Structure formats: C-alpha cells, structure tokens
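Scroll down for the structure; my scribbles are underneath it.
The values are calculated or read from the model by the stated rules, or taken from the named source; none is laboratory data. Just so it is clear, the model here is predicted, and its values are computed rather than measured. Glycine also receives a Cβ, built like all others from the backbone with ideal geometry; neighbour counts cover every protein chain displayed. Each accessible area value is taken on the protein alone, full model and side chains, heavy atoms only, with ligands, DNA and RNA left out. Shrake-Rupley method; radii C 1.70, N 1.55, O 1.52, S 1.80 Å.
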Amino acid sequence: MLARIEVGDTDETLLDGGPKGAAAARERLCVATRTVRPIDEMIRFVAGPDGRVVPDIKRKLPGRGAWVTAARGPLVTAIKQGAFKRAFKGKATAEAGLADDTERLLERAVLDALAIAHKAGTVVAGYTKVETALTSGAAIGLVRARDASPDGVRKVDALAARRPAAADRPLPIICSFESVELDLALARTNVIHAALLPGRASEAVLGRWRMLEMFRTGGPDPRGDRQMAVNPARD
C-alpha cells in the first residue's frame, strides 16, 4: 500500500539531498499526489541555474531534486497546482510545456539505450535474425517499427507465440518509434523488426521503455512487462 503524506507536513520532505542521495534511495515522495512510491515509478526534477524546472531522467543532475509519479497526469497536476514552486520554496518555475519536454526526453532515453545495446551486441535486427532469436528462446523483448507492415507483424507475432516458454513469459514489444528513428539508433537502414538478447544493456532498454509507457498510459503495469497492442501500419 502506498503511504500518503498530509499536505501540512513539512516541505523539507519534498526534496532529496542531491544526485548521490537520489541514486541510493528506494522510495520518494511525489510532490503532486503526496504519496510515497518506489523510485522506479518516479521521475526526478531539478531547478536549473535560471530557476527553470527540468526533468532529470538519469538522476544525475546536480542540486536537490523533487520527484513526481512517472505519469503525465500527476506531472500536469504538479505544474498547474504550483507543486514545484512549493518544493523549491518559490525559487523554481515549471513551464507549461514541461510534460511534453519530459516525454521527449523519455523517448530519447529509450533510443539512446537501444544504441548502447546495439554496440554491446545485445540487439539483432532483420527478419532472419529475429526469427532465430525467437525460435531459440533467446529473445527477451522485441522492437517493432510503428510503421511495420501488417503482414510482417503477423509473421513475427506467430513466431513469438511459438517460442519456448511463450505461455509463461510474456514478451515485451516496443513499438513506440518509427523506422527512421530505429535506423538512427541501430546505425543501419530500414529497421522494422529487432530483438533484444539477454544482457544488462537490453535490460536498460526495457527499463527506460517501461518508464516511457508508464508516463504515457498513466501508471506502472503490475506485471512489470507490458504486452503492447499492434499498431496499424501506414499505407
């Protein structure tokens, strides 16, 4: 059960002690909902030198930070109700576009992690390599271009359904990006389907993607993995 802090509690509880403390913490107080949550379900924000509030996706920016549940709704509430101004004692300004900026940074974080995983050798792209990863049971996740053709989607989904332990282990499917975005991340052309192989780099991709999906859909998936619905392809 989530603990709720009453509005009258001291504002000293709203800020962390800086990036080192943020990295060590397991839970933080959401300045919007006043509930205590695991940090994996939250986003850290700091006030820059000009007083503008910015998201600290990687939790490394200097200064004391305020935390918000990783969903657009609570962030919009924090902006509208002046939660950041209270947290930073009137020394910060949260602009109206902060939610959109945060989503773009979360998207960028997934693509950056995907590029790192590619360099680490834990991403394979192309139908044949994806087929091998699925049929061998090695794949721990799929990456699918948002503009993938329906026929290609059906083929890959059929392979995924027949993979070892398919019934026991839902396979995360990342379909948040266009092919051109995946091309840039994986340094190759016409990336439509890719598979994530076991490794820390691939786990980082999935972790950042889950954060993006939490932000977009309103909250954490209780299973930890989200089986994404197939997006219709463009003509």
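What are the residues in region 16-44 that are within 20 Å of residue 204 (Cα to Cα), of a type in the set (Gly, Ala, Ser), open to solvent by less than 50 Å² (accessible area, probe 1.4 Å) and not in a loop (DSSP other than H, G, I, E, B), if any?
If the condition is that a residue be within 20 Å of residue 204 (Cα to Cα), of a type in the set (Gly, Ala, Ser), open to solvent by less than 50 Å² (accessible area, probe 1.4 Å) and not in a loop (DSSP other than H, G, I, E, B), then 22 is the only one that fits.
Take the residues in region 45-65 that are within 18 Å of residue 97 (Cβ to Cβ) and outside any loop (DSSP other than H, G, I, E, B), then tell me which one is most open to solvent (accessible area, probe 1.4 Å).
This residue is 52.
Let's see how each residue does on (1) of a type in the set (A, V, I, L, M); (2) over 14 Å from residue 31 (Cα atoms):
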site	(1), (2)
77	no, no
94	yes, no
102	no, yes
108	no, yes
113	yes, yes
119	no, yes
129	no, yes
135	no, yes
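Quick grid of which residues meet (1) open to solvent by 10 Å² or more (accessible area, probe 1.4 Å); (2) over 30 Å from residue 78 (Cβ atoms):
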site	(1), (2)
114	no, no
117	no, yes
143	no, yes
165	yes, yes
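Results for (1) over 21 Å from residue 209 (Cβ atoms); (2) modelled with pLDDT of 95 or more; (3) touching a Phe, Trp or Tyr at 6+ places or on another chain (Cβ under 9 Å); (4) of a type in the set (Ser, Thr, Tyr), shown as yes or no for each residue.
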site	(1), (2), (3), (4)
4	yes, no, no, no
29	yes, no, yes, no
40	no, no, no, no
72	no, yes, yes, no
77	yes, yes, no, yes
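Only one of these conditions is not met by residue 182: (1) within 18 Å of the chain's Cα centre (by Cα); (2) farther than 19 Å from residue 129 by Cβ; (3) not in a loop (DSSP other than H, G, I, E, B). Which number is it?
Looking at each condition in turn, residue 182 falls short on (2).
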